Amino acid sequence: MAKCVMFDFDGVIVDSERYGLELFMRLMKEQFSVDISFEDAEHVVGFNTASTVDYINREYGVHVTAEEYAERYGLYDNFYVDYPGIRPIEGAPGCIRKLRSDGFRVGLVSSTCAVLILTALDRIGMADCFDFIVTGDMVENSKPAPDPYLKGLAIAQTDAQDAFVVEDSTSGVHAGKAAGIFTIGFKAASVRLPTPEADIELGSYAELYRFLTDPKSVT
């Protein structure tokens with residue numbers, strides 16, 4: 001059975017986490033009068049809208065619905081659509097295309113909705129890089145639940161023991177591990193989030209390619 005590799009998008013394909021965290025901090029202050037630190041904001045990395053709303057209502061007593069939060073979030077520029085500097089992390093397109101030519105099934109698994117992911121992939125020239133895509137609006141429970149990666153396994157018709165997950169966030173790594181998949185904590189972005197559950201941590205696409213094609217080459 002061919003190996004399968006599933007990549008997160010934010011912080012793995014594009015270096016977007018800092019933009020997203022700073023926007024989240026600004027939104028919390030301007031829309032809900034809540035000042036939070038960069039470290040506190042990191043708790044929502046990898047969450048979809050529903051999970052983010054659950055978190056801020058519980059932790060900060062905001063009392064907002066997912067619809068109200070999305071409406072207020074929409075007042076700000078959207079990274080996927082508007083940010084002029086969006087580009088792949090160095091080595092991403094080449095690594096992914098080489099993995100596919102080597103026979104790997106390659107998927108993209110993100111908590112973000114499909115329309116934004118497809119827009120972003122088109123903007124960075126990577127719309128043709130993946131065999132399948134799973135987005136947050138395709139599953140009932142998003143990360144840190146295992147559902148997105150379980151759906152990816154089903155689409156790829158691959159068993160968990162024949163798959164790898166590449167994630168940069170605590171919640172994303174937890175989702176991969178909960179799905180029973182060997183999960184890599186990826187550290188190539190400018191914001192390096194804690195991934196204590198990861199099976200291994202790697203810092204570049206060159207290192208990732210070496211590991212996936214010859215695991216013994218990376219210790």
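Details
- Tally, over region 87-97, of residues that are over 16 Å from A120 (Cβ atoms) and surrounded by 15 or more Cβ atoms within 10 Å (Cβ to Cβ): 2
- Scanning region 98-118 for residues that are surrounded by 14 or more Cβ atoms within 10 Å (Cβ to Cβ) and either assigned to a helix (DSSP H, G or I) or at pLDDT below 95 (or both) yields K98, L99, R100, S111, T112, C113, A114, L116, I117, L118.
- The selection criterion, being hydrophobic (A, V, I, L, M, F, W, C), in a loop (DSSP other than H, G, I, E, B), farther than 24 Å from Y80 by Cβ and under 15 Å from the mean Cα position of the chain (by Cα), does not hold for A188.
- Here L99, L23 are screened, and the one residue that is of a type in the set (A, V, I, L, M, F, W, C) and outside the structural domain of G136 (by TED's automatic domain parsing) is L23.
- Tabulated pairs, region 130-143, first in the same structural domain as A178 (by TED's automatic domain parsing) and within 12 Å of N48 (Cα to Cα), second surrounded by 16 or more Cβ atoms within 10 Å (Cβ to Cβ) and among the basic types (K, R), C-beta under 9 angstrom, 6+ apart or interchain: G136/K143; M138/K151; V139/K151
Here is a yes/no grid of residues against (1) crowded, with 17+ Cβ neighbours inside 10 Å; (2) over 19 Å from G172 (Cβ atoms); (3) touching a residue at least 40 places away in the same chain (Cβ under 8 Å); (4) over 19 Å from the mean Cα position of the chain (by Cα):
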| site | (1), (2), (3), (4) |
| --- | --- |
| C4 | yes, no, yes, no |
| I13 | yes, no, yes, no |
| V45 | yes, no, yes, no |
| E71 | no, yes, no, yes |
| F79 | yes, no, yes, no |
| G85 | no, yes, no, no |
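- Residues located in region 26-39, provided they are within 19 Å of the chain's Cα centre (by Cα) and either part of a strand (DSSP E or B) or touching a residue at least 12 places away in the same chain (Cβ under 8 Å) (or both): F38
- Candidates D168, D137, D128, D159: the one that is touching a helix residue (DSSP H, G or I) at 6+ places or on another chain (Cβ under 9 Å), surrounded by 19 or more Cβ atoms within 10 Å (Cβ to Cβ) and acidic (D, E) is D168.
The values are calculated or read from the model by the stated rules, or taken from the named source; none is laboratory data. Because the structure is predicted, anything quoted here is derived from the model rather than measured. Cβ sites come from the backbone with ideal geometry, for glycine too, and all protein chains shown count toward neighbours.
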